[in-house]
Every structure is written in structure tokens, then in C-alpha cells.
Amino acid sequence: MRHLKAGRRLGRTSSHRKAMYRNMVTSLVIHGRIRTTLAKAKELRKVADRMVTLGKGVAPSSLASAEGEALQNLRVKRVHYIRRAARTIQDKAALDILFNDLAERFEGRAGGYTRVMKAGYRPGDNAPMAIIEFVGTPGPVTEEGEQADEVAGEE
């Protein structure tokens with residue numbers, strides 16, 4: 001029985017699983033949306049939301065309004081959050097996006113930064129696929145200049 005056993009194993013060792021989550025959350029931060037299996041997307045949601053929460057720890061807007069010792073304390077706190085996030089996201093460009101763009105974007109939001117949408121089945125093994133994206137990510141632009149719904153395939 002799996003009582004009190006949180007998280008999916010996904011048929012991998014713990015080190016492989018941890019490395020996979022690192023790679024996936026880095027890709028999600030850089031691209032804003034990735035396509036993966038449904039089980040991986042549901043597990044990735046936990047890691048990605050935790051990273052956004054770290055990114056929001058000290059928003060850039062709060063640094064602009066602080067002065068003196070308060071500013072110094074905020075800078076120290078921000079460095080701490082960046083170092084904690086860098087344990088998982090090991091790409092400087094992704095960290096920059098996380099702590100600047102995503103922190104400002106989700107500043108007023110209390111949680112639920114990602115969305116998982118089912119996207120059919122993979123042709124090779126019929127695995128259920130999903131698209132995980134940050135809430136508020138714009139869809140791809142069509143030739144007509146309107147937003148297209150990638151998942152539903154509407155035009």
C-alpha cells in the first residue's frame with residue numbers, strides 16, 4: 001500500500017527524477033509552455049509553482065522603493081532566494097526570467113501559477129499527453145494576427 005507516499009516515481013531513480021524535473025522546469029521558465037506526458041506535467045506543476053514562489057520572494061519593484069538598511073536586508077533576502085532557486089534551475093537566463101519577468105507577472109497572485117491541459121495521446125505508445133504552461137501565457141499568433149488555440153486546434 002502507498003499510504004503517506006507523496007509523488008509519482010515515474011519509473012526512475014530519485015536522482016534521474018530530480019534531474020528530469022530540473023531540466024523540465026528550466027525549459028518551462030524559458031519557453032513558457034512545454035508538452036510532456038500527463039503524469040510528468042502534474043508532478044512538474046509542484047516544482048514550477050515552488051520556483052515562482054521563490055522568484056516572488058523579493059520583487060524588483062520592492063527594491064526600488066526601499067532605502068538604507070531596509071534595502072540592504074531586501075538585497076540579502078533576494079540573493080538567498082536566487083541561490084535557493086539556482087539549486088534547481090541551473091541556467092542563468094532562466095533565473096533572470098524567473099526573478100524579473102515572472103516575479104512581476106505573478107506579483108498579485110497567491111498561487112496556481114501553472115495550468116495543465118490534456119493534449120491527446122502520443123502516437124508511439126498511446127501515453128496521455130499534456131501541455132503545461134504559465135497562467136496568462138499568450139497562444140501562438142496565426143497569420144490573421146489573432147491568438148490561436150493550440151490545444152483545441154481551432155482556426
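Details
- Just one of (1) farther than 25 Å from Gly120 by Cβ; (2) part of a strand (DSSP E or B) fails for Ile34. It is (1).
- Remark: pairs (first residue in the range 97-122, over 15 Å from Gly32 (Cβ atoms); second residue open to solvent by 40 Å² or more (accessible area, probe 1.4 Å) and at pLDDT below 95; Cβ separation under 6 Å; 6+ apart in sequence or on different chains) = Ala119/Val151.
- The one condition in (1) among the hydroxyl-bearing types (Ser, Thr, Tyr); (2) touching a strand residue (DSSP E or B) at 6+ places or on another chain (Cβ under 8 Å); (3) at pLDDT below 95 that Ser62 fails to fulfil: (2)
- Selection from the range 37-69 of residues that are closer than 21 Å to Met117 by Cβ and either among the small types (Gly, Ala, Ser) or outside any helix (DSSP H, G or I) (or both): Thr37, Ala39, Ala41, Ala48
- Scope the range 98-155; condition among the hydroxyl-bearing types (Ser, Thr, Tyr) and modelled with pLDDT of 95 or more; matching residues: Tyr113, Thr114, Tyr121
- The set of residues from the range 5-19 being assigned to a helix (DSSP H, G or I), open to solvent by 80 Å² or more (accessible area, probe 1.4 Å) and closer than 17 Å to Arg45 by Cβ comprises just one member, Lys18.
The values are calculated or read from the model by the stated rules, or taken from the named source; none is laboratory data. Quick caveat: nothing in here was measured; it's all calculated off a predicted structure. Neighbour counts run over all protein chains shown; Cβ positions are idealised from the backbone, glycine included. SASA here: full protein model, heavy atoms, side chains in, ligands and nucleic acids out. Shrake-Rupley method; radii C 1.70, N 1.55, O 1.52, S 1.80 Å.
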